[in-house]
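The values are calculated or read from the model by the stated rules, or taken from the named source; none is laboratory data. The shown structure was predicted, so the numbers you read here are calculated from the model rather than taken from an experiment. All Cβ positions, even for glycine, are placed from backbone atoms using ideal geometry, and neighbour counts span all protein chains on display.
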């Protein structure tokens, strides 16, 4: 067969990660020794993560963000659902089957004081991936570690120092250097700046943006701070009680939130531009989220939603694009907000 007649190679899948119906449950202790309760931390989540993008994941504490992140990098076993990484099904992969994929997906944790072993020198900490995957040893490992330290803005001469000799921001740079050691494609950032001073947060965020541009990284960026997420994200997913309730390009979501919960989160955020006043009226949500131990019917947000109607209590809404919206703007709400509409009581049938 001539070169001209050779079939063209299939283009790469634009999605690096595909998550379909992922569920994660944990066994919990019950007051009765004869009953075993299950806590559903992630309840059927589906989305795709595109190569080279940053997907922000936001929501209240306890909504399942970190659990979902650990499922994606397979630090947790999935209770149900499917996880594809670059086309490979990792949903039920064994630890030996996961080993080659560990080099391609890494995680940066929230607490730079707890994620680094205080008894080990920084050079050894950053060099662990090289040792674990048998990539380099001796002087070559030391050289690679010093290259990484320089890449994240640390002095390579501080190779032999202990974590306690570094500030919080420097420790997070050490954690980032360790995550990048094997040049992964996916980096999951789990609240990477929430434990840092505000003055240091911007430096770490700018570093992550620069590294993404230089290395072609894909980020899943988890935070409860919507202002931070807006700064770094291409798209944003909003999570509530184990489910994604809204997913949209960042600009669309911040300008035209459709879900009442998203609108409530945005209303609590100060104006993004210096000197500007927020256009959103304050919204106080009544009550508390229901227990994830309960059998939930309908929309999980209905007990706190000012727009809830009978349909919301009986039927769970699908995450889909609404009429007139951008195809990439998905909302799980029976009565989504219109442009400029305050999240008050909804009008229409279904009451």
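Based on this model, can you work out whether residue 160 counts as assigned to a loop (DSSP other than H, G, I, E, B), surrounded by fewer than 17 Cβ atoms within 10 Å (Cβ to Cβ), under 28 Å from the mean Cα position of the chain (by Cα) and without any contact (Cβ under 8 Å) to a residue 60 or more places away in the chain?
no
Can you name the residue in region 71-98 that is in contact (Cβ under 8 Å) with a residue 40 or more places away in the chain and part of a helix (DSSP H, G or I) and is also surrounded by the fewest Cβ atoms within 10 Å (Cβ to Cβ) among such residues?
72
Could you please give the count of residues in region 27-47 that are at pLDDT below 95 and either under 12 Å from the mean Cα position of the chain (by Cα) or assigned to a loop (DSSP other than H, G, I, E, B) (or both)?
Counting residues in region 27-47 that are at pLDDT below 95 and either under 12 Å from the mean Cα position of the chain (by Cα) or assigned to a loop (DSSP other than H, G, I, E, B) (or both) gives 8.
Select from region 188-204 the residues that are touching a residue at least 24 places away in the same chain (Cβ under 8 Å) and part of a helix (DSSP H, G or I) and write down the one among them that is farthest from residue 154 (Cα to Cα).
Filtering first and then ranking leaves 201.
When residues of region 227-249 are filtered for being part of a helix (DSSP H, G or I), touching a helix residue (DSSP H, G or I) at 6+ places or on another chain (Cβ under 8 Å) and surrounded by fewer than 23 Cβ atoms within 10 Å (Cβ to Cβ), how many remain?
The qualifying residues number 4.
With the requirement that a residue be under 24 Å from the mean Cα position of the chain (by Cα) and at pLDDT below 70, what does region 260-287 give you?
The answer is 270, 271, 272.
In region 52-66, what residues are in a loop (DSSP other than H, G, I, E, B) and either modelled with pLDDT of 95 or more or at positive phi (or both)?
Correct list: 52, 53, 59, 62, 64.
Would it be correct to say that residue 318 is at pLDDT 90 or above and under 24 Å from residue 235 (Cα atoms)?
So residue 318 fits the description; yes.
Is there a residue in region 144-167 that is in contact with a strand residue (DSSP E or B) (Cβ under 9 Å, 6 or more places away or on another chain) and at positive phi?
no
Could you please give the count of residues in region 99-124 that are farther than 24 Å from residue 71 by Cα and in contact with a helix residue (DSSP H, G or I) (Cβ under 6 Å, 6 or more places away or on another chain)?
Residues in region 99-124 being farther than 24 Å from residue 71 by Cα and in contact with a helix residue (DSSP H, G or I) (Cβ under 6 Å, 6 or more places away or on another chain): 3 in total.
Could you give every pair whose Cβ atoms fall below 9 Å, whose first residue belongs to region 205-233 and is at positive phi, and whose second residue is surrounded by fewer than 20 Cβ atoms within 10 Å (Cβ to Cβ), counting only separations of at least 6 or pairs across chains?
Sorted first by the residue in region 205-233, then by its partner, the pairs are 216/51; 216/52; 216/185.
Just to be sure I understand, how many residues within region 291-306 are surrounded by 21 or more Cβ atoms within 10 Å (Cβ to Cβ) and touching a residue at least 40 places away in the same chain (Cβ under 8 Å)?
Summing the residues that are surrounded by 21 or more Cβ atoms within 10 Å (Cβ to Cβ) and touching a residue at least 40 places away in the same chain (Cβ under 8 Å) in region 291-306 gives 4.
Out of (1) within 17 Å of the chain's Cα centre (by Cα); (2) in a helix (DSSP H, G or I); (3) buried (at least 23 other Cβ atoms within 10 Å of the Cβ), the odd one out for residue 209 is which?
With respect to (1) within 17 Å of the chain's Cα centre (by Cα); (2) in a helix (DSSP H, G or I); (3) buried (at least 23 other Cβ atoms within 10 Å of the Cβ), residue 209 is out only on (3).
The rows are residues; the columns are (1) over 16 Å from residue 243 (Cα atoms); (2) assigned to a loop (DSSP other than H, G, I, E, B); (3) at pLDDT 90 or above.
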| residue | (1), (2), (3) |
| --- | --- |
| 289 | no, yes, no |
| 294 | no, yes, no |
| 306 | yes, yes, no |
| 324 | yes, yes, no |
| 334 | no, yes, yes |
| 338 | yes, yes, no |
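Just one of the numbered conditions (1) closer than 28 Å to residue 73 by Cα; (2) in contact with a helix residue (DSSP H, G or I) (Cβ under 8 Å, 6 or more places away or on another chain) is not true of residue 266; which one?
It fails just one condition, (1).
Give region 308-322 a look and list any residue that's within 17 Å of residue 43 (Cα to Cα) and part of a loop (DSSP other than H, G, I, E, B), or say none.
315, 316, 317, 318, 319
What is the number of the single condition among (1) surrounded by fewer than 16 Cβ atoms within 10 Å (Cβ to Cβ); (2) touching a residue at least 60 places away in the same chain (Cβ under 8 Å); (3) over 23 Å from residue 25 (Cβ atoms) that residue 115 does not meet?
If we test residue 115 against (1) surrounded by fewer than 16 Cβ atoms within 10 Å (Cβ to Cβ); (2) touching a residue at least 60 places away in the same chain (Cβ under 8 Å); (3) over 23 Å from residue 25 (Cβ atoms), just (1) comes out false.
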